[in-house]
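FYI, it's all coordinate maths here, none of it is from the lab. The model shown is predicted, which means the values in this text are computed figures rather than measured ones. Positions of Cβ are backbone-derived with ideal geometry, glycine not excepted, and every protein chain shown enters the neighbour counts.
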Amino acid sequence: MNPLVQFAVALDFAAAKHTDHRRKGVRGEPYVNHLIEVARLVAEATDGQDPEAVVAAVLHDTLEDTDATREELEEHFGAEIASIVAEVTDDKRLTKDERKQRQVDSAPDASHRAKLVKLADKISNLRSMQTSPPAHWRLERKVEYFEWAARVVEGLRGINAGLEAQFDAAHRDGLDQLRGKKS
């Protein structure tokens, strides 16, 4: 399939699967905005030269957060893209703490493309925490999220200097913003 057509099909697929999903932040943005940002970050980081990574970025939360299956992704987008998405998917059978630790532990061993998607996802999440944080999260939980994201990203370093610089800026700016606020 032509890469541009595949991207459009993936965007349509992800939008349909996430139709009723909103971000957790106070603004309640449509979830698809997050998927688009992650895909844009990966597209820019690869200078548009890795369409499979960009498509995987669009689809990165479909296995974790929707009724999509890996077999469905393979059927529509191929085994490579389905594999990348599976690689960045949390196992919801585990506790939240186990899932978070698994992300830290598995980051160094992830494939090149999975690292790109995971790094772009963390950038998007930190930016969202600055512009539209979850209303019910206390200051301590927000700071813990930033610290955990940094631990995950330590295992992703060396993959793309531009993405790493964007993560570092989002991390620094977010913590500075949080330190200036009271819980």
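Could you tell me the relative contact order of the chain? Use alpha-carbon pairs under 8 Å, at least six residues apart, and round to a whole percent. Once normalised by length, the contact order is 22 percent. Its residues counted as N, the stretch 3-179 yields a C-alpha radius of gyration over 2.2 N^0.38 Å of 0.98.
Can you give the extra length, in nm with one decimal, that the chain gains between residue 135 and residue 168 once fully stretched, where that is 0.36 nm per residue apart less the Cα-Cα distance?
9.5 nm
Taking the number of Cβ atoms within 10 Å of each Cβ as an exposure proxy, the fewest-first ranking of 152, 143 is 143, 152.
Adding -39500 (n - 2.57) for every DSSP H run of four residues or longer, then dividing by how many residues the chain holds, sets the calculated 222 nm ellipticity at -21500 deg cm²/dmol.
Filter the chain for me: DSSP H helices, axial length by Cα at least 18 angstrom, mean Kyte-Doolittle hydropathy not below 1.6. List them by residue number. Span-like helices, by this rule, are absent here. Cross-link check: pairs 115/142; 17/100; 24/115; 17/122; 17/92; 17/142 evaluated at a Cα-Cα cut-off of 19 Å; pairs beyond the cut-off: 115/142; 17/100; 24/115; 17/122; 17/142. Protection proxy ranking of 40-47, 164-171, by the mean of other Cβ atoms within 10 Å over each peptide's residues and highest first, is 40-47, 164-171.
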